[in-house]
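The values are calculated or read from the model by the stated rules, or taken from the named source; none is laboratory data. Computed from a prediction, not measured in an experiment: that's the story for all the values here. In this analysis, Cβ positions are derived from the backbone assuming ideal geometry, glycine residues included, and neighbour counts consider all displayed protein chains.
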Amino acid sequence: MTSLLFFVASLAAVGSAALVVSRRNPVHSVLFLIVCLLSVALLFLLLGAQFVAALQVIVYAGAIVVLFLFVVMLINVKKEIVVFHSSLGHRLAAFALIAVLLIQTLAIAVAGTAWVKKEAWMAQSGASFGTVQAVGRELFSRYLFQFEVATILLLAAIVGAVVIVKRKP
Amino acid sequence: MPVTLNHYLAVSAVLFVIGVAGVLLRRNLLVVLMSVELMLNAANLAFVVFARASGNMDGQIVALFVMTIAAAEVAVGLAIVLAVFRVKSTTNVDKINLMKW
């Protein structure tokens, strides 16, 4: 059952990601991005990361993508005239780079994890692995400093976004 | 066929490369930003996979922080897109080349 869910979720994630980068209409791209993010949330659930999966749905698919949609609607490009790069040399170089990157990362992903046992790769962990309580306990004890710094980063992002968009009077 | 670590990492790798393809090939600035989000998601997936493999919660905490940083980056990036669109009336990255020599 979990392997069936894994294959469905990974096919949906990869397929919708390919559609995100290839649609002419940016609104379609955003909608396929939602599908991709929800598939990745399902993958997180299969990996026992319940809190991260819930946050993926709420924060990523629920806030970030809505922000994208706002800006896409404001800019209102209905159909792209030029989809891919105009220069053929650029496109060939990009395809070569992408092919090399794909082969490299797949080689590492498939063959480079010899230290992990093949079948029983999931570590034995308690029932509290990935729960809200476990994440909260780690976040507020070991990662407290990083948590506070993330607060300041969010403040900087809010102020920066408002300042950049503000119209000069 | 049992799903091993390598399957998940392969999914993460393919998602990342699709994101790179979007950043390199697309000319619309908004789609480029969406491809960056794809890359961040691939990295998050890799973090959570290794958290599961090692039994350590650190990977999920880092994935949380990556999500926070992605939200901040999207906010500022979209603000920049709006500000540039007001001046240049386009989101084509080939036309936004004021700083190019």
Identity of the residue in the range A:129-145, part of a helix (DSSP H, G or I) and surrounded by fewer than 16 Cβ atoms within 10 Å (Cβ to Cβ), that ends up nearest to the other protein chains (Cβ to nearest Cβ): A:137
Residues (closer than 17 Å to residue A:64 by Cα and aliphatic (A, V, I, L, M)) located in the range A:22-49: A:27, A:30, A:31, A:33, A:34, A:35, A:37, A:38, A:40, A:41
Would you say residue B:42 is facing another protein chain (nearest Cβ under 7 Å) and of a type in the set (Gly, Ala, Ser)? no
Take residue B:22 and decide whether it is crowded, with 18+ Cβ neighbours inside 10 Å and either farther than 28 Å from residue A:150 by Cβ or more than 7 Å from chain A (Cβ to nearest Cβ) (or both). no
I'd like to verify a number: residues in the range A:101-116 that are loosely packed, with under 13 Cβ neighbours inside 10 Å and closer than 18 Å to residue B:55 by Cβ, how many? 1
Matching residues, the range A:10-28, being touching a residue at least 24 places away in the same chain (Cβ under 8 Å) and either under 15 Å from the mean Cα position of the chain (by Cα) or not assigned by TED's automatic domain parsing to the domain that holds residue A:64 (or both): A:10, A:12, A:13
Which of the following residues is surrounded by 21 or more Cβ atoms within 10 Å (Cβ to Cβ), over 21 Å from residue A:60 (Cα atoms), among the polar types (S, T, N, Q) and within 7 Å of chain A (Cβ to nearest Cβ): B:91, B:4? B:91
Hey, can you tell me all the residues within the range A:2-17 that are at the interface with chain B (Cβ under 9 Å from one of its Cβ atoms) and among the β-branched types (Val, Ile, Thr)? A:2, A:14
All but one of (1) more than 7 Å from chain A (Cβ to nearest Cβ); (2) over 29 Å from residue A:160 (Cα atoms); (3) not β-branched (Val, Ile, Thr) hold for residue B:53; state the number of the condition that does not hold. (1)
May I ask you to say which residue of A:20, A:40 is over 16 Å from residue B:44 (Cα atoms), at the interface with chain B (Cβ under 7 Å from one of its Cβ atoms) and crowded, with 23+ Cβ neighbours inside 10 Å? A:20
Among (1) of a type outside the set (D, E, K, R); (2) in contact with a helix residue (DSSP H, G or I) (Cβ under 6 Å, 6 or more places away or on another chain); (3) surrounded by fewer than 16 Cβ atoms within 10 Å (Cβ to Cβ); (4) at pLDDT 95 or above, which single condition is residue A:66 missing? (2)
